[in-house]
Amino acid sequence: MVFRNILSRESNDIHLIISISYNLISYPTNQKEKTMRTKIIAGNWKMYKDINESAELLNSLKSKLAVLPNGVKAIVCPPFTSLALAKELLKGSPIALGAQNMYPEDEGAFTAEISPKMLRSVGCQYVILGHSERRQYFHESDEFINKKVKKALAAGLIPIICVGESLQEREKNITNLVVTTQITGCVQGIPASDIEKSIIAYEPVWAIGTGKVATPQQAQDVHKLIRELLAKLYSSSTAEKVTIQYGGSVKPENAKELLHQPDIDGALVGGACLKADSFTAIVQAAV
Ligand code: PEP
């Protein structure tokens, strides 16, 4: 199509040719960076697994994922009550630790909340922020999530920033608008150097815990939109570095096709991460 456009214009349209040539030259660079993105599979345990059940799952994961496939990272995000145990049990394992939420203050009178510093002290490297369940049941806004993202980054945590449309929004054909608004709000004031190390998880709400997975093409379309948005907000070089995970009923049976879409760099897994076999199979499917 690009070439058809060139041919259909006057040959002396230098500006057009220069700008298109520039795109053609820059494309292989982006492609090279794209293929270098590590696939990251994160398990969101949600409010499952008491301390004994956590120990059982962690020990099993530790042995099944003693060595991770090349170019793949695995993260587990147990409930707060199991984080300290996870830090101990995962010693010597390549599996990284993350939390499911945090409060955006260093410390203070915020009964029952957990600070980023506390998460760091129990070995967390990642934190899930703005999960749709937090947005839905705890009324978290993009502005509040943005505050959390900034605090997480300042404490040395890598945020996994969740976005996604509801079924109603998809049916109204406003998926792009919803995701664009969420991302723009969540990354407000965050420099490129911090966004490049952050993770964005696209999780269509209608696919979470429902067994209704987005088709690989539906997911890829939104991931591409997210990358294009990041290119507009930052630059294409920054956008190419950001890990964009898909989440929503990812299972061993559908993981491979999803994880091999050009803009899908990993998965945020709920239900299927609660069993060592299925989480392991998803990690293996990333290669
Ligand atoms: C999630 O909670 O982030 C999630 C994607 O859940 P599930 O895999 O169960 O749909």
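Any read-out appearing in this document is the output of simple, stated calculations on the displayed coordinates, not a laboratory observation. Given the structure is predicted, the values throughout are model-derived calculations rather than measurements. So basically every Cβ, Gly included, is an ideal-geometry build from the backbone, and we count neighbours across all protein chains shown.
Fewest Cβ neighbours within 10 Å first, please rank W45, W206 accordingly. The partial results should precede the final answer.
Details: W45 22, W206 19.
Ordered from fewest to most neighbouring Cβ atoms within 10 Å, W45, W206 come out as W206, W45.
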- [ ] Lys and Arg at +1, Asp and Glu at -1: add these up for the other residues within a Cβ distance under 13 Å of T181 and post the number.
- [x] -3
- [ ] Rank by packing, highest mean first: peptides 150-156, 211-217, 262-268, with packing defined as the count of other Cβ atoms within 10 Å averaged across residues.
- [x] 262-268, 150-156, 211-217
TODO: Springs between alpha-carbon atoms under 10 Å, Gaussian network over the chain: tell me which of T180, T38, T111 tops the mean-square fluctuations.
DONE: T111
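Taking Cα pairs under 8 Å and at least six residues apart, what relative contact order does the chain come out at, in percent?
Working: 500 pairs, mean separation 55.7, N = 287.
Dividing the mean separation by the residue count of the chain yields 19 percent.
At 222 nm, what helix-only mean residue ellipticity would the chain give, in deg cm²/dmol to the nearest 500, using -39500 (n - 2.57) for each DSSP H run of four or more? Each step should come with its number before you reach the end.
Numbers: 14 runs with 139 residues, N = 287.
About -14000 deg cm²/dmol.
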Open item on the list: Could you give each residue of region 81-92 its phi-based ³J(HN,Hα) in whole Hz, using Karplus coefficients 6.51, -1.76, 1.60 with θ = phi - 60°, and x for Gly or Pro?
Closed with: 5, 10, 5, 5, 4, 4, 4, 5, 5, 8, 4, x
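Cβ under 14 Å from Q100's Cβ, Q100 left aside: what net charge do those residues give with Lys, Arg +1 and Asp, Glu -1?
Values: positive: K46, K49, R134, R135, K148; negative: E113, E133, E140, E203.
Neighbourhood net charge equals +1.
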TODO: Treating the Cα atoms of the chain as identical point scatterers in vacuum, please give the log10 of the normalised Debye intensity I(q)/I(0) at q = 0.10, 0.14, 0.16 Å⁻¹, two decimals.
DONE: -0.53, -1.00, -1.29
Open item on the list: Using the Cα centre of region 38-285 as the reference point, and only Cβ charges (+1 on K/R, -1 on D/E), how large is the resulting charge dipole? Debye, rounded to the nearest 20.
Closed with: 420 debye
TODO: Work from the charge dipole of the chain (Cβ charges, +1 for Lys and Arg, -1 for Asp and Glu, about the Cα centre) and give the residue of V250, N101, V187 farthest towards its positive end.
DONE: V250
